[in-house]
Amino acid sequence: MQMEDVNDLLEYQSNPEIVRYIPWPPRTLEQVKTAAEDVVNTCTFQLKEDKDYIVLVWALKSTGKVIGQSNMGLVSKENKCANIGWVTHQDFQRQGYALEASKALLNYAFTNTDVHRVIADIDSRVPHSASLAEKLGMRREATFLDGEFFKGEWCDMWLYAILKREFQA
Ligand SMILES: CC(C)(COP(=O)(O)OP(=O)(O)OC[C@H]1O[C@@H](n2cnc3c(N)ncnc32)[C@H](O)[C@@H]1OP(=O)(O)O)[C@@H](O)C(=O)NCCC(=O)NCCS
């Protein structure tokens, strides 16, 4: 993510439908700039210490337009566990971009870092996000009833996970 991406980021980060189940408000241009600055200044691009994280945007090869983003953060150095998340611009959904990007990020993490297990916390009101996790080979391991108090209401959360050996197989 770079500061010159902000106009592309604004297109989807300001969309109330896109951010409904992710922990941001619909962002203004100023908020997008602040969030991008935060990534530029604090993203570690490695997963060695607790709270290290990676954010990568997805740019179309043809035009360079940014049409989505992935994040991965180290949850526990001791347990070699990271989490993953995904967002696709509203005009570019159902074209396989989240699948392609998430596979690439999982491959990167399991090949180039010490990560042993990757989890995804998925709001049960977003079954298509769970379908994406399943398409990536992730397994639903738990349902947490009222697992999060999110944007003013309780929601049930699904825990998805995949191990390095499962991904590599
Ligand atoms: C979830 C999200 C990232 C999927 O992105 P996407 O680029 O459209 O996904 P892909 O095109 O790579 O789809 C991969 C698979 O995910 C599943 N999927 C994605 N969107 C789906 C939908 N609307 N309905 C059903 N399944 C869906 C399918 O299994 C799909 O494979 P298929 O097209 O061969 O059936 C996107 O809908 C999004 O950004 N939503 C808003 C942000 C969000 O809610 N993030 C997750 C919070 S838990």
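Looking at Ala120, Ala109, which is the one that is away from the ligand (no atom under 15 Å from the Cβ), surrounded by 12 or more Cβ atoms within 10 Å (Cβ to Cβ) and small (Gly, Ala, Ser)?
Details: Ala120 fails: away from the ligand (no atom under 15 Å from the Cβ).
So the residue among Ala120, Ala109 that is away from the ligand (no atom under 15 Å from the Cβ), surrounded by 12 or more Cβ atoms within 10 Å (Cβ to Cβ) and small (Gly, Ala, Ser) is Ala109.
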Residue selected from segment 82-105 under the condition within 6 Å of the ligand (Cβ to nearest atom) and free of Cβ contacts under 8 Å to residues at least 40 places away in the same chain, by the criterion surrounded by the most Cβ atoms within 10 Å (Cβ to Cβ):
Ala98
Residue match in segment 133-145 (condition: within 12 Å of the ligand (Cβ to nearest atom), touching a Ser or Thr at 6+ places or on another chain (Cβ under 9 Å) and not charged (D, E, K, R)):
yes
Of the residues in segment 11-31, those that are within 10 Å of the ligand (Cβ to nearest atom), out of contact with any helix residue (DSSP H, G or I) (no Cβ under 9 Å at 6 or more places or on another chain) and farther than 18 Å from Val57 by Cα come to Arg20
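Go through Trp58, Trp158 for me and flag whichever is touching a Phe, Trp or Tyr at 6+ places or on another chain (Cβ under 7 Å) and either over 15 Å from Tyr21 (Cα atoms) or not aliphatic (A, V, I, L, M) (or both).
On the way: Trp158 fails: touching a Phe, Trp or Tyr at 6+ places or on another chain (Cβ under 7 Å).
Step by step, each of Trp58, Trp158 is checked, and only Trp58 is touching a Phe, Trp or Tyr at 6+ places or on another chain (Cβ under 7 Å) and either over 15 Å from Tyr21 (Cα atoms) or not aliphatic (A, V, I, L, M) (or both).
We did not get these values from a lab; they are worked out from the coordinates using the rules stated. Computed from a predicted structure; not experimentally measured. Don't worry about glycine lacking a Cβ; one is built from the backbone with ideal geometry, like all the others, and counts go over all protein chains shown.
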